[in-house]
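> My questions all concern the structure below.
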Amino acid sequence: ISTHLWVLLSILVMYLYSLAGVTGAGLGLDAGCVSLDDSQLSVMQSEGDVVIGGLFPLHYLATDPQNTYKTHFDLRAFRWMMTMVFAVEEINRHSALLPGVRLGYRILDSCDLVHTSLRGVLSLVTRKGSGVNTERATDGRTPGCLAGAPVPAVIGLASSTPTEAVAQTLGPFAIPLVSYFATCTCLSNKLSYPSFLRTVPSDYFQVRGLVQLVSHFGWRWVGVVGTPDDYSHYNIHAFTQQLQEQGGCVAFHLTIPDSPSQAVLRAMADTLLSARARVVVAFSTEGQLLEFFCELAGRNVTGIQWVASEAWISASLLTTPQFQPLLEGTLGFALRGAIISGLREFMLKIRPSHTPGSEFINMFWEEVFGCNHLGPDVKDRVLNYTDSEDLGNIMSSYTNASRVRISYNVYKAVYAIANALHQLLQCDSSGQSQTQGKCNTSSTYTPRQLLRYLKMVNFTNHFGEKVQFDANGDPVPLYEIINWQKDNMGKIWLRTVGSFDGSKPIVRRLQMEDSTIVWTGRQSEVPLSLCSPPCPPGSRQAHRPGEPPCCYDCLPCPDGEISNQTVCVNCPEYYWSDSDRVKCVAGIEDFLSFYDTMGVVLVLLSLVGVVTTTGITAIFHRFRATPIVKANNSELSFLLLLSLKLCFLCSLLFIGRPSEWACGFRQAAFGVSFVLCLSCLLVKTIVVLVAFKDISPGSSNLTKLFGPPQQRLLILCTTAPQVCLCAGWLSMAPPFPFRNSSIQGLTGMVLLECKERWPPGFYLVLGYIGLLASLCLLLAFLGRKLPDTFNEAKLITFSMLIFCAVWISFIPAYVSSPGKFTVAVEIFAILASSFGLLVCIFAPKCYIILLRPDRNNKQCLVGRHKIIHK
């Protein structure tokens, strides 16, 4: 039922066209192109055992200066048709394919229109007896029994929109339709077009190739030109989508109407010229582009790099001198070509004739040589020509058969059908077949059976190309990249500058020879086509609101980031951007070095402290027998001087590159040294208080109860907790060297520091030092009013005030100091508190020992005490 519906629908369409006045007279076309009467159809045919149908666009519509339609004979399409004839006759001459079976053909003009294409294909598949030789062969066999349908397969058509209509009509009947030039991706849909195959690659691969070509040359801002048909619609939609995925944009989209007026053409030209896109991709045929290019050529437009689809890249119609300033340098995809041996000689042998079936040859002869004819009807034409006409002297798209492309696809289509028939008829070309004629001609077959074998075709032709169809009926996608270049004679020739193989991995599909390309205007450099120029190194693209992504402003990258002229990216850890923001460089390692000015100053202060302490120790040792040294407990004084020397020396551990041992040892040395120092001061303070209490009236002898052994024990007891705390801290969670690159204000710097694994350990060390300092200050404060003889308590009080002031101010300064200044603050606190203790406690004694030796006697120390207590 569905099959009959399709037939009725197709006939109804043709009937509606006739009612609407779409006839040869209505369109101004040749009667042989659109007549609804089969008897008036112009046809080229040859009878055979199996007849192959053919549809070729031998006529196309164009407008004349009066804006009226007129048909033109297409010499290029006529070459395609004659290639089919040549291939059929070549197969018949050789016995390798279909031995004993003669192929025939029946070829009609589709005029590249839907209704004429439908009428033509209906004529092919419904004409009874068409293509069947009813005469008995010399071997007694009836050749007509081979054909299960008037035409079991059709070769056609040249454009996608008529092909869709024909493919949908033939699909329900499973009659194979093999196209040589219909490239629309939509035709790969086997649900809608189950019997469609083609020898031309699908636009799916061409569009991918064009996007890859545009990306290869860095064109991100391109315009597109097309027509309202399905070919342009599908291709432009796919091209736009894939170009955007690659980061490109379509600047404008111009659609050339079927019958554009001059106003429309002028408006389209204005749009193209006003756009910033210098590269334009055109998906159309040369006939559809002709009027638009005429408008551009009339305005002397140059500087546009045209990128052509395979529909017009190999057309000679646009290579005339009129279009050379506009189109020289055109780059585009072309179908793979071949030099078919004997084809040119075959095409040059044709001659006009009054024999039925020669109408197309007669039309061609009229077009080439301008011969007049008599009679209004095509079949009544009487050509007025002589034998002097020679096609060999004519340069046209018909005679240019040096390297054919679309004709090669026609050639492959004929051989594909022949190979399918060869398998279907179980032919044996080896001469060992037992069947008559070497092919099984005893049974009939259906187009559906032929379609099944046609889908399984897999052979290598004598050009070395493998001919086969995939599941969608498409061949292996092979293209050549063509460049329009002008030769020394001023003529355009097509030079191959690359290739595209859709069967390879993406990175290897496109192969280009950039140095051989001639660009538009004969430029030596690749044309630029960008909405915005590339951002300079060290900047990024900032999208402009309301505009396509290809239009942007350039903003510099922030510190620590570099750009690839598109976006800014962070440098790896411990790396920083250079001054130009174009590469990441290793961050400068920063630490308190012995060679820094600040490091040198701190080292000198530490050494001064050590030398001073050593000098005071020597003085005290030299005058150890004097009363002032004895009165100040010489043993505690020497131990205090030793601890102060250790405090000065431990500050040196904070200078230099941090290491594992330095990070762990310096805080322990600092903590133990200061605790030992404060323990000595604490014991000194207690000794002063005990001595004052002991000499007071009515006091007991306390000095004996707090003698040297008890003093040593107290120092040991107060120092031991700090030693244990440091030992546990360093054994469980010691500080470790750390590269810090996140310090605010230090751009490009990597701070080498000691990081605390367990920060409470450091604060406990500081807290214990603070506890001893507070206790010592309290006791010294209680003994501040002792007589001058025992005024060491005042000195200790003052030194503890300095000590506490230094370390109280150290905490906020330590926290807020950046980088290596944190270490410098801690060193300064160590040195300041150490100098405070050294100067406050030992400077007065050294003054008396060295400068006032007259006061360094027992009478002076005891006499004042007696005066006070009388």
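> Residues of segment 549-574 being at pLDDT 85 or above and within 21 Å of Leu751 (Cα to Cα), which ones?
Pro558, Glu561, Asn570, Cys571, Pro572
> Can we say Ile417 is at pLDDT 85 or above and assigned to a loop (DSSP other than H, G, I, E, B)?
Spelling it out, it is not the case that Ile417 is at pLDDT 85 or above and assigned to a loop (DSSP other than H, G, I, E, B).
> What's the number of the condition Asp474 fails, among (1) of a type in the set (Asp, Glu); (2) within 36 Å of the chain's Cα centre (by Cα); (3) over 21 Å from Ala182 (Cβ atoms)?
(3)
> Of the conditions (1) within 44 Å of the chain's Cα centre (by Cα); (2) under 29 Å from Ser679 (Cβ atoms), Val567 clears all except one; give me its number.
Answer for Val567: the failing condition is (2).
> Continuing with this model, one more query. Tell me, yes or no, whether segment 501-519 has at least one residue that is of a type in the set (Asp, Glu), at pLDDT below 90 and closer than 19 Å to Trp219 by Cα.
No, because not a single residue in segment 501-519 is of a type in the set (Asp, Glu), at pLDDT below 90 and closer than 19 Å to Trp219 by Cα.
> Okay, next question. Name, by its number, the condition in (1) surrounded by fewer than 20 Cβ atoms within 10 Å (Cβ to Cβ); (2) of a type in the set (Lys, Arg); (3) at pLDDT below 90 that does not hold for Arg452.
Of everything listed in (1) surrounded by fewer than 20 Cβ atoms within 10 Å (Cβ to Cβ); (2) of a type in the set (Lys, Arg); (3) at pLDDT below 90, Arg452 misses just condition (3).
> Give, as residue ranges, the strands (runs of 3 or more DSSP E) completely inside segment 474-552 that count at least 1 residues that are within 30 Å of Val200 (Cα to Cα).
Counting at least 1 such residues, we get 478-486, 492-501, 510-512.
> If you don't mind, there's one more thing I want to ask. Report yes if some residue within segment 589-607 is part of a helix (DSSP H, G or I), in contact (Cβ under 8 Å) with a residue 24 or more places away in the chain and either hydroxyl-bearing (Ser, Thr, Tyr) or in contact with a strand residue (DSSP E or B) (Cβ under 6 Å, 6 or more places away or on another chain) (or both); otherwise report no.
Checking segment 589-607: at least one residue is part of a helix (DSSP H, G or I), in contact (Cβ under 8 Å) with a residue 24 or more places away in the chain and either hydroxyl-bearing (Ser, Thr, Tyr) or in contact with a strand residue (DSSP E or B) (Cβ under 6 Å, 6 or more places away or on another chain) (or both).
> Mind checking whether some residue in segment 672-684 is over 20 Å from Ala832 (Cα atoms), touching a helix residue (DSSP H, G or I) at 6+ places or on another chain (Cβ under 8 Å) and basic (Lys, Arg)?
Among the residues of segment 672-684, at least one is over 20 Å from Ala832 (Cα atoms), touching a helix residue (DSSP H, G or I) at 6+ places or on another chain (Cβ under 8 Å) and basic (Lys, Arg), which makes the answer yes.
> Sticking with this structure for a sec: If you go through segment 432-446 one residue at a time, do you hit one that is outside any strand (DSSP E or B), in the same structural domain as Ser402 (by TED's automatic domain parsing), surrounded by 19 or more Cβ atoms within 10 Å (Cβ to Cβ) and among the hydrophobic types (A, V, I, L, M, F, W, C)?
Yes - at least one qualifying residue is present in segment 432-446.
> Kindly indicate the residue of segment 202-228 that is of a type in the set (D, E, K, R) and crowded, with 22+ Cβ neighbours inside 10 Å and also farthest from Asn409 (Cα to Cα) among those meeting that condition.
Arg220
> Go over the candidates Val13, Val85, Val125 one by one and state the one that is β-branched (Val, Ile, Thr), assigned to a helix (DSSP H, G or I) and modelled with pLDDT under 85.
Criteria check complete, one pass: Val13.
> Now a separate question. Mind checking whether some residue in segment 647-663 is within 50 Å of the chain's Cα centre (by Cα), closer than 30 Å to Gly761 by Cα, among the aromatic types (Phe, Trp, Tyr) and assigned to a loop (DSSP other than H, G, I, E, B)?
No, that holds for no residue.
> Being in contact with a Ser or Thr (Cβ under 7 Å, 6 or more places away or on another chain) and not hydrophobic (A, V, I, L, M, F, W, C) is the filter here, so list the residues in segment 202-219 that pass it.
Correct list: Ser202, Asp203, Tyr204, Gln206.
> Next question, about the same structure. From Asp487, Asp474, Asp501, Asp559, which residue is more than 24 Å from Ala275 (Cα to Cα), among the charged types (D, E, K, R), loosely packed, with under 12 Cβ neighbours inside 10 Å and touching a residue at least 24 places away in the same chain (Cβ under 8 Å)?
Asp559
The values are calculated or read from the model by the stated rules, or taken from the named source; none is laboratory data. Owing to the predicted nature of the structure, the values given are computational and were not obtained by experimental measurement. Heads up, the Cβs are rebuilt from the backbone with ideal geometry, glycines too, and the neighbour counts pull from every protein chain shown.
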